[in-house]
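Notes for the one structure printed next.
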Amino acid sequence: MMYDDLLKKIGEFGWYQKRIFAVTCMQPITSGLLLLISIFTMATPPHRCAIPGYTNDTYHQQNDYHGNLINESIPQSSSCLLRNTTVDKYGNMTSLEYKCSSWVYDTSIFTSTFVTEFDMVCGNATLKSNAVMVLFLGLLFGYGLLGNIADLFGRKPLMVVSNYVFVICAYLMVWSPNYTVLLVLRFFLGLSMGGQALTCYIIGVEFVGPSKRRYTGVISNLTWCLGLLMISLFGYLIRNWRYLHLTAAIFSSHLLFFFLIIPESPRWLLTKGYTVKARKIINEIAKFNKKIISETVINALKDPANVTTAKFWKLCSTKKRSLRTFVIYFMWFAVSVSYFGIMLNLESLVGDIYLNLVLATIAEAASYMVVILTVERLGRKRLLCGCLVLGSIALIAVILIILYAPSDLKWLMTGFTLLGQFGINGAFGVCWLWTSELFPTELRNVGIGTSSASARIGSVVAPYLKLLGSLMPGRFQEVSPFILFCIVCIVALVLTLLLLPETFHQNLPDTVEDAERLGDGNGEAVDEKEIAASMLGPEVKRDASFVI
């Protein structure tokens, strides 16, 4: 008897699994909270150079004398320069502009952020992008390296270590004494976030039967959105970055107690030969779910691991396979860089930043629901391309509004940005299902894992696109990131239309050769339970933050 067959007897999603899954769903909430808390903790408020010799200088004008000093010392062309005006004995005035080394900030919205405390503005703006990037870089290494550790030593040990490192780093960041320490802590925060997200998702899914796994992915997405809503609430109530980060760290402390509730995965125990421990947990599941199961049935369990002999290079062994693999990776990169790029640019939109994040979260949750309701009617390719078309059109509208719309219509920029977010996030949702059907069973787990790594590369690149915009002249400073997001979405759309086959109502490919024949028009309907089951194995590498 296979492990999935046993789950059908003891309960595919009984009370025991509901308890485990409810606990693991707390992880996406904390990931959403601490991953995108940078929207507030690294916000760049309006600023200008501090007036030399004026010890009580503030961003806003204090009195007429202070206002005259600002006008004399700060050129209108740049908030990063100071002006020194001299008059010679003949009455000739000479103005010299030079870079400053200290700044004053508008504290009406944020009393303190990473940016204001460590002066990550003007010539130091790269420091902000580096600080954002290093967390995503940690995530990239977390997903890429820690999955093998979970396969070798178990899901629970990695989960426990990752949770403790995550919480410790979250607390230590509150007392970061300098920029270097901040970078190191953010890297390990991202690294541990990758480890905990990977293991919590795998544990949550490996306890659930095949027919219910689709719903667990949907719920994971929605709990991620709950974390984003909590960011909005905490950020609105707490305007100092250290107190805000401390609040998030306190909330994440519950991760320290996961080991008391969550056991090791029986599936992993069986694959490693720990049958006695696996049977003990299986009996506990059956007892909790009020199911009766005989020892004969348990003893008949077989190793659920899929024996995989194919090598990853087979995905690139022919021109057709190479093109399809490249397009899949680029598709993931495009939606990821656009998603995180838009989220990290929320501070530049018209309107209240806290309300904008709430609206972006609502748009994200709505996109998941639309995908769920339409993916079995429209198919994968049509729906994903439709989402990319919607996202691209919305981004084009944003570009035109920034360049040509009068100031009283700038609110339209926020509306179209949220519409673009809706489309791009919907495309992200379809990516998971479609990719699972494009890769063959023998390479499905590694295929999805490497696709997720492509998405992480996109998230690493995203913070630098805004920095690139700051090098552009005039309005192109604001519009250039959206131009780049639009370009990658359109390129992904064209490549997808031309090179990827529709998998709706096609047999699920088992071999690389089967996958290469996709789109030939012969095949029966895909069984989504088979997809869910085939994606679940000792080498699964899925990103718990974006699962559907």
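The values are calculated or read from the model by the stated rules, or taken from the named source; none is laboratory data. Predicted, not measured: the structure shown is a model, and the values here were computed from it. Quick reminder, even Gly has a Cβ in these numbers, built from the backbone with ideal geometry, and neighbours come from all protein chains shown.
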message: Just to be sure I understand, how many residues within the stretch 43-52 are surrounded by 18 or more Cβ atoms within 10 Å (Cβ to Cβ) and either assigned to a strand (DSSP E or B) or more than 35 Å from the chain's Cα centre (by Cα) (or both)?
response: 5
field: Filtered residues of the stretch 348-379 (kept if of a type in the set (D, E, K, R) and either buried (at least 19 other Cβ atoms within 10 Å of the Cβ) or outside the structural domain of Val479 (by TED's automatic domain parsing) (or both))
entry: Glu364
- prompt: Taking into account only those residues within the stretch 1-42 that are among the β-branched types (Val, Ile, Thr) and out of contact with any Leu (no Cβ under 9 Å at 6 or more places or on another chain), which is surrounded by the most Cβ atoms within 10 Å (Cβ to Cβ)?
  reply: Thr24
query: Is it the case that some residue within the stretch 377-391 is assigned to a helix (DSSP H, G or I) and closer than 19 Å to Thr41 by Cα?
result: no
Members of the stretch 53-71 found to be over 30 Å from Leu344 (Cα atoms) and exposed (fewer than 13 other Cβ atoms within 10 Å of the Cβ), listed by number: Gly53, Thr55, Asn56, Asn63, Asp64, Tyr65, Gly67, Asn68, Asn71
- prompt: Taking the stretch 87-121 on its own, how many of its residues are at positive phi and at pLDDT 90 or above?
  reply: 1
message: For the structure I just gave you, tell me whether Phe110 is surrounded by 20 or more Cβ atoms within 10 Å (Cβ to Cβ), in contact with a Pro (Cβ under 8 Å, 6 or more places away or on another chain), in contact (Cβ under 8 Å) with a residue 40 or more places away in the chain and under 30 Å from Gly227 (Cα atoms).
response: yes
- request: Being at pLDDT 90 or above and in a helix (DSSP H, G or I) narrows it down to one of Gly204, Gly235, so name that one.
  value: Gly235
- request: Being of a type outside the set (Gly, Ala, Ser) and buried (at least 23 other Cβ atoms within 10 Å of the Cβ) narrows it down to one of Trp411, Trp434, so name that one.
  value: Trp434
- prompt: On the given criteria, is Ala131 at pLDDT 90 or above and surrounded by 24 or more Cβ atoms within 10 Å (Cβ to Cβ)?
  reply: no
message: For the stretch 333-352, check the following and say yes or no: at least one residue is assigned to a helix (DSSP H, G or I) and farther than 21 Å from Ala455 by Cα.
response: yes
statement: Among helices (runs of 4 or more DSSP H) entirely within the stretch 238-312, at least 2 residues that are at pLDDT below 80 occur in 295-299
Test: residue in the stretch 182-193 that is at pLDDT 85 or above, among the charged types (D, E, K, R), crowded, with 24+ Cβ neighbours inside 10 Å and more than 23 Å from Ala462 (Cα to Cα): no
- line: Subset of the stretch 24-42, residues out of contact with any His (no Cβ under 9 Å at 6 or more places or on another chain) and either assigned by TED's automatic domain parsing to the domain that holds Tyr179 or part of a helix (DSSP H, G or I) (or both), comes to Thr24, Cys25, Gln27, Pro28, Ile29, Ser31, Gly32, Leu33, Leu35, Ser38, Ile39, Phe40
task: Could you look through the stretch 230-241, keep only residues that are touching a helix residue (DSSP H, G or I) at 6+ places or on another chain (Cβ under 6 Å), touching a residue at least 12 places away in the same chain (Cβ under 8 Å) and more than 14 Å from Leu346 (Cα to Cα), and pick out the one that is surrounded by the most Cβ atoms within 10 Å (Cβ to Cβ)?
output: Trp241
- prompt: What's the number of the condition Arg444 fails, among (1) at pLDDT 90 or above; (2) more than 19 Å from the chain's Cα centre (by Cα)?
  reply: (1)
